[in-house]
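The values are calculated or read from the model by the stated rules, or taken from the named source; none is laboratory data. These numbers were taken from a predicted model, which means no experiment stands behind them. Here the Cβ positions follow ideal geometry from the backbone for every residue, glycine too, while neighbour counts run over all protein chains shown. Note: areas computed on protein heavy atoms with side chains; ligands, DNA, RNA excluded. Shrake-Rupley method; radii C 1.70, N 1.55, O 1.52, S 1.80 Å.
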Amino acid sequence: MTDPVSALVMAGATTIVAAMATSVWEGARGRVVEVFRRRGDDGVAAIETQLDADARLVAEEEDTDGTRQDLLRPWARRFAALLREHPEATEELRRAVEEVAAALPRTGQHWTQNVTAHGGGTAFGAQGPGSSVHIHRGGTSEDGPQQ
């Protein structure tokens, strides 16, 4: 996956998870379902079920921030898989992320994310439209850390 697409995937995951259990949830949920409609009725039903279960989890858990953090990777994987299967959905996902992020309550728009790369790996961090993207490449212990 290319760097801009990886950043979009993370921004999508961060934005949709931030919208869970907020006043903008129904609209955000609808936008995600629209993006996933390419997978047909079964795919849409599966995403609707997952969205509802995850939103309930955020609403019911005492540690909502921790719960949201736990949900980021699965949503990033879902968005990445969708864009691999349907690259034409990239612009629609980008628009959905921008719309949902703009509608989020201000408290839902402020997140801290720590991204670290180890052992020659590459890590990407993004938190929605207008955020900067920092790409970290982990060096080996002989090379020392790289950024």
Considering only residues that are touching a residue at least 24 places away in the same chain (Cβ under 8 Å) and among the polar types (S, T, N, Q), which ones fall in the stretch 41-76? Gln50, Thr64
Could you go through the stretch 1-8 and let me know if any residue there is open to solvent by 20 Å² or more (accessible area, probe 1.4 Å) and over 16 Å from the mean Cα position of the chain (by Cα). no
Answer residue from the stretch 41-83, given it is out of contact with any Ser or Thr (no Cβ under 6 Å at 6 or more places or on another chain) and not in a helix (DSSP H, G or I) and is surrounded by the most Cβ atoms within 10 Å (Cβ to Cβ) among those: Asp63
With the checklist (1) open to solvent by 80 Å² or more (accessible area, probe 1.4 Å); (2) modelled with pLDDT of 95 or more; (3) closer than 14 Å to Met10 by Cβ in hand, flag the one item Glu91 doesn't pass. (3)
Can you tell me which residues in the stretch 9-40 are surrounded by fewer than 16 Cβ atoms within 10 Å (Cβ to Cβ), touching a residue at least 60 places away in the same chain (Cβ under 8 Å) and of a type in the set (Gly, Ala, Ser)? Ser23, Gly27
